[in-house]
Amino acid sequence: MASVVEYKGLKAGYHCGYCASREGKTSCGMWAHSLTVQDYQDLIDRGWRRSGKYLYKPVMNKTCCPQYTIRCRPLQFQPSKSHKKVLKKMLKFLAKGEISKGSCEDEPMDSTMEDAVAGDFALVNKLDIKCDLKTLSSDLKGGIESEEKKKENSLKKEGSKELIHPQAIEEKLGSGEPSHSIKVHIGPKPGKGADLSKPPCRKAKEMRKERKRLKLMQQNSAGAFEGFQAQGQPASLLPKAKSNQPKSLEDLIFESLPENASHKLEVRVVRSSPPSPQFTATFQESYQVYKRYQMVIHKDPPDKPTVSQFTRFLVDSPLEAEYPANGPECGYGSFHQQYWLDGKIIAVGVIDILPYCVSSVYLYYDPDYSFLSLGVYSALREIAFTKQLHERASQLSYYYMGFYIHSCPKMRYKGQYRPSDLLCPETYVWVPIEQCLPSLDNSKYCRFNQDPQAVDEGRSKDLNRLRVLHRRSTMPYAVYKNYQEDPSEEEGVLEYANLVGQKCAERMLLFRN
């Protein structure tokens, strides 16, 4: 099995969907009749991406918006506060049917097939990062309750008094509204003076000091903890020990739901090329979700998202399905990751599973569920899926997110998934994104490799060893030159060899007619 590609050459001066330049985009492209997963892995590690069966590589030092290949390292990934908020929002919706308040903006523009940048998955909804008052510590609420008791005991016989009531506090905490100025009217308790059956009131200052002392004691060693108990203080007064280990991504995604949960979410991975029976059975439903997404989110006219366009864009793939013994159970190739909510598809993530990574191609979803921030949620699910595949195929340990475009502010969101690396456009080595950002702030095109002597180790070194498919026969380029009628053809072959690198040039078959 060999890859067969047809190099299309340089395409310059066409429309850019990122900066709206009419003639600023420049890229090289080729048509892939077939492609092994290893060849595509090596190509994306040299800055190539696919849209359907078309492969393209931006000319980084000439195009208006340089597109840097970005990958995340899932094995070290820790979700940020914003990521956790999206996951909690999904869990609340599934468990109780709760829908977060606040306006849900449309996602910023993403890739379009016409611009040949469809390798980017749908962009992230803008996250609501308001403070969640439910995270108030239990000792703070305890202090509020103690203050309430103190005021209760000082009530006068006549008239009602405004007090802070613990039930009102809980209601406010649940609503996410600010907790100050919470006052309710309650009547005084019967009886006169303080309740002698209860412990005497203590000053708030005294209580704050004790809480601080308890926290310090908790942080000390186990011996100090035992010494504190020996002084006669009941263990119930000690604050609960908190785990220093943050919840993992899997813990947050797969948190158990109650038996009477309002909704059920199921994620299915189905092979799209060649199409599996499951994919074929759900094709029409999946297409209808895509059509609505394009019309509502991207304002496409109703006649534009056709079945044939959907098929060319997100179903057709040059990748050959492979099932090696040391690979994942589903094999390598192209897949659709379908998100089923209560028995219907609400989103689809288009992905490629390759020897070293899961490569995200695109995401589309039902606009009615925009409030769930499905762009973020699906990316986190794909990161978790990569970790799951890694358990079976140890070499598969990266998550490729397409292109990072620093010059386009709306495309910087991919840098929030860390740790992540950017691909140096000159030497094709991976550099942590933290080291790249200062340079990108100064110039939209950058060489990330700081070694001035470093070169592209995978560059084409021997053009004669490049493989060619001519008249249904395979041959090295050294032999093909005897059939070559146009001497200028060699310039295009040399350009192709430099772009794909020596390994791919020797393995792939360059179709020549």
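In order along the stretch 384-391, the Karplus-derived 3J(HN,Hα) couplings, from 6.51 cos²θ - 1.76 cosθ + 1.60 at θ = phi - 60°, round to 5, 5, 4, 5, 5, 5, 4, 5 Hz, and Gly and Pro are given as x. Cα centroid separation, the stretch 487-511 to the stretch 261-318: 35 Å.
Inter-part distance, the stretch 439-479 to the stretch 344-405, computed on C-alpha centroids, equals 29 Å.
Exceedance of the 23 Å cut-off in Cα-Cα distance is limited, within the set LYS92/LYS414; LYS53/LYS304; LYS414/LYS444; LYS62/LYS299, to LYS92/LYS414; LYS62/LYS299. Treating r as the C-beta distance of ASN442 and ARG213 and R0 as 60 Å, the FRET efficiency rounds to 0.75.
In the context of the full set of protein chains, the stretch 297-448 has a per residue accessible area of 34 Å² (1.4 Å probe).
Net charge around ILE433, counting only other residues with Cβ within less than 14 Å of its Cβ (Lys, Arg = +1; Asp, Glu = -1)? Here the charged neighbours net out to +2.
Close amide H pairs (under 5 Å, H built 1.01 Å from N) link HIS406 with TYR68, residues at least 5 positions away or on another chain. Summarising the label geometry, the points placed 7 Å from Cα in the beta-carbon direction at TYR323 and TYR483 lie 3.5 nm from one another. Going down the table (LYS8/LYS57; LYS264/LYS344; LYS8/LYS461), which pairs top 18 Å between alpha carbons? Result: LYS8/LYS461 exceed 18 Å. A simple spin-label model places pseudo-atoms 7 Å from Cα toward Cβ; at LYS81 and GLU491 they are separated by 5.7 nm. Couplings 3J(HN,Hα) for the stretch 250-263, derived from phi with the Karplus relation 6.51 cos²θ - 1.76 cosθ + 1.60 (θ = phi - 60°), are 5, 4, 6, 6, 9, 4, 5, 9, x, 4, 9, 4, 5, 9 Hz, where x marks Gly and Pro. So what is the relative contact order for the stretch 385-513, in percent, with contacts set as C-alpha pairs under 8 Å and at least six apart? Relative contact order comes out at 18 percent. Once backbone amide H atoms are built at 1.01 Å from N, TYR362 has VAL350 as its partners under 5 Å, excluding neighbours fewer than 5 places away on the same chain. Pairwise Cα distances in the stretch 22-99 exceed 21 Å in 55 percent of cases.
The GluC sites (Glu not before Pro) of the stretch 289-378 that DSSP puts in a loop, and whose beta carbon has at most 12 other beta carbons within 10 Å, are GLU329. Relative to the current alpha-carbon distance between THR306 and GLU426, full extension at 0.36 nm per residue lengthens the span by 39.3 nm.
Taking all Cα pairs closer than 8 Å and separated by 6 or more residues, the relative contact order of the stretch 408-482 comes to 20 percent.
The mean sequence separation of alpha-carbon pairs under 8 Å and at least six residues apart, normalised by the residue count of the stretch 21-70, gives a relative contact order of 47 percent. Each residue of the stretch 507-513 was assigned a 3J(HN,Hα) from its phi angle through the Karplus curve 6.51 cos²θ - 1.76 cosθ + 1.60 (θ = phi - 60°); the sequence is 8, 6, 9, 8, 6, 10, 9 Hz, with glycine and proline shown as x. Less than 5 angstrom separates the built amide H of SER34 from those of VAL4, all sequence-distant by 5 or more or on a different chain. For the stretch 429-513, GluC sites (Glu not before Pro) are listed when DSSP marks them as loop and at most 15 other Cβ atoms sit within 10 Å of their Cβ; the list is GLU457, GLU485.
The values are calculated or read from the model by the stated rules, or taken from the named source; none is laboratory data. None of these values were measured; they are calculated from a predicted model. Reconstructed Cβ throughout: ideal geometry from the backbone, glycine too, with neighbour counts over all protein chains shown. Ligands, DNA and RNA are stripped out before the accessible areas are found, and what is left, the full protein with its side chains, is counted by its heavy atoms. Shrake-Rupley method; radii C 1.70, N 1.55, O 1.52, S 1.80 Å.
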